[in-house]
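K.L.:
Take a look at this one; I'll ask things after.
Since every read-out is calculated from the coordinates, none of them should be taken as a lab result. Note that this is a predicted model, so its numbers are computed, not measured. No Cβ is skipped: glycine too gets one built from the backbone with ideal geometry, and neighbour counts run over all protein chains shown.
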Amino acid sequence: MNLLGCVRVFWPIRLMKTDDGKYADGSRAERIAASMGGVVDSEGIRTVSSNETKPLVLLVDDSIDVHRLLSARLRHEQIRMTSLTKGSETLEAVKKEPPAVILLDLDMPDMDGFEVLRALKDDALTNNVPVIVLSGLTGSEDKVTAFELGATDYVTKPFDLAELRARLRAALRLDHLLKLLAERADVDGLTGLGNRAHFNKRWAEKVAESKRYSQPLSLAIVDIDFFKRVNDTYGHPAGDEVIQGVARLLQRECRSHDVPCRFGGEEFALIMPHTGPKDAAMVTDRMRQALAQVVWQRHPENPVNLSAGTVGCDASCGEVTPEEWLEQADRNLYAAKRGGRNKVVSTDLAPGTCQLAKAG
Amino acid sequence: MESSRGPGPVGGGGLRSEFAGDPEMIGLVKMFVDEMPQRVEAILESWRRGATGDLRRQAHQLKGACGGYGFPAVGAAAGSLEASIAGLGQRAGIDELRGLREQIDELVGLCQSVLADPADEN
């Protein structure tokens, strides 16, 4: 029997009723809310001011006391805190909104903390979130198991609050630095677009999504025509300006769900989810036309053009691998180059379809 | 594990929270103390049903929480009870059960002596 039922506390965002629509104790939710400085509305949801930019800390513990105590004791920290009382709900919640740090109890009835930790670390979407284990299990075997499963830290209950705060801050710093590192590793320094590594990750994800949900998907590989001439004639700063200008144009012309990347050198890639081959060719050609209109400060007499190869599918692209997509887009790009440049060549991945888009 | 005699309170003065003067904790300590009769009843109910799994969990949760509310002595007693239940064999002997019962008596007594406010002490 759980004396306190299964009250789910979301702090400081909201406080909810139990799964069966009732509070374990008719007045409890109101009292918890009052102790946190708020009032529960008729739906059992309390909203208080929160700053979305503060890092999110997820507390998973079946003891309502731990939720109350940490809510009170960590309220002055620069964090947002959300709470679950069931281990089994953790993975879904973390995927929905990845927290900066998870505070995880081990001894829980439905799914223990070790299982939760294993599931988090087995999933590519959640395995980088730092986890501080909060546990009454004090044996070194439990601590070793937790660390081997990927825990960042281990705090035993009853916890010393000053120590817990310090460890939480350390974990938040670690999360911040890891994110910074990951961002830097994925960003092209010259243009601010995603780099090749970023492209590889996102492209694999988008191909898998398209396959799973039978959604349209397209890819464009874009290359600046005669870029070497710009460098040789006007110098590398002019070449850098052209690359940055094309990057800005890609960002400006693409839709919010498109993913523009610098592929390397003067080559760019544009992932277009939810876009069939015809629309992809149209979007890419619009970029080609827009680039041709740009007047460059360092060489106003010489416009810059691009060639592109696009490939796409309207629904399911069958068993075509990400690499095969890329190879086809590359072939189209070279076809555009061989065909005189300043062109977009497009392929519909539906069998037997290959069309030459309009030349500029 | 049925018994005609329920565990009784330990005599003596009330137990005051270490955080009694902490404005951040006054409300929470009061809530904890107000809810203590329900917790005690839940522990006794688990004992009457012979539900050692529930009893262990209740002791485990008290162990983890009581320190935070400023009642480390209650937490320590709950931790001892949890350890004893974890050490019970498949078929506990009469001495083991008697020992467990004494620990429950001690824990319940401590639980019943907690005070929300120093002014409650009389």
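K.L.:
Roughly how crowded by other chains is peptide B:51-57, in terms of the mean Cβ count from those chains within 10 Å of each of its Cβ atoms? Walk me through the intermediate numbers first.
P.N.:
On the way: counts 1, 0, 1, 4, 1, 1, 8.
Average neighbour count from other chains, rounded to a whole number: 2.
K.L.:
Now for a separate question. Would you work out if region A:88-209 is rounded, prolate or oblate? Take a ≥ b ≥ c from the square roots of the eigenvalues of the alpha-carbon gyration tensor; rounded if a/c is under 1.5, else prolate when a/b is larger than b/c, oblate otherwise.
P.N.:
Verdict is prolate for region A:88-209.
K.L.:
Given q = 0.28 Å⁻¹, what are the Debye log10 I(q)/I(0) values for region A:177-243, with equal point scatterers placed on the Cα positions and solvent ignored?
P.N.:
With one equal scatterer per Cα and no solvent, log10 I(q)/I(0) is -1.13.
K.L.:
Between A:Asp160 and A:Ala185, take the C-beta separation as r, use R0 = 25 Å, and let me know the FRET efficiency to the nearest 0.05.
P.N.:
Between A:Asp160 and A:Ala185 the formula returns 0.10.
K.L.:
Listed here are the pairs A:Lys211/A:Lys337; A:Lys54/A:Lys206; A:Lys86/A:Lys157; A:Lys95/A:Lys206; A:Lys54/A:Lys96; which of them are more than 20 Å apart at the Cα?
P.N.:
A:Lys211/A:Lys337; A:Lys54/A:Lys206
K.L.:
Under a point-charge model restricted to the Cβ atoms of Lys and Arg (+1) and Asp and Glu (-1), what is the dipole moment magnitude of region A:216-360 relative to its Cα centre, in debye to the nearest 20?
P.N.:
520 debye
K.L.:
Is the C-alpha gyration tensor of region A:149-214 telling us rounded, prolate or oblate? Criteria: a/c under 1.5 is rounded; beyond that, a/b larger than b/c is prolate, otherwise oblate.
P.N.:
Verdict is oblate for region A:149-214.
K.L.:
Same structure, new question: Can you find, among A:Val207, A:Val187, A:Ser218, the residue farthest towards the positive end of the dipole of region A:179-221? Put +1 on the C-beta of Lys and Arg, -1 on that of Asp and Glu.
P.N.:
A:Val207
K.L.:
Still on this structure, I have one more. Which of the three applies to region A:127-178, rounded, prolate or oblate, going by the alpha-carbon gyration tensor with a ≥ b ≥ c and a/c under 1.5 meaning rounded? Provide the component values of the computation, followed by the final result.
P.N.:
Details: a/c = 3.20, a/b = 1.21, b/c = 2.64.
It comes out oblate by the Cα gyration axes.
K.L.:
Then there is this: Using alpha-carbon pairs under 8 Å, 6+ residues apart, how would you state the relative contact order of region A:133-214 in percent? Don't skip to the end; give the middle numbers.
P.N.:
Details: 38 pairs, mean separation 15.1, N = 82.
Reported as a whole number, the value is 18 percent.
K.L.:
Still on this structure, I have one more. Specify the inter-centroid distance of region B:28-54 and region A:58-91, based on alpha-carbon positions, in whole Å.
P.N.:
About 22 Å separates the Cα centre of region B:28-54 from the one of region A:58-91.
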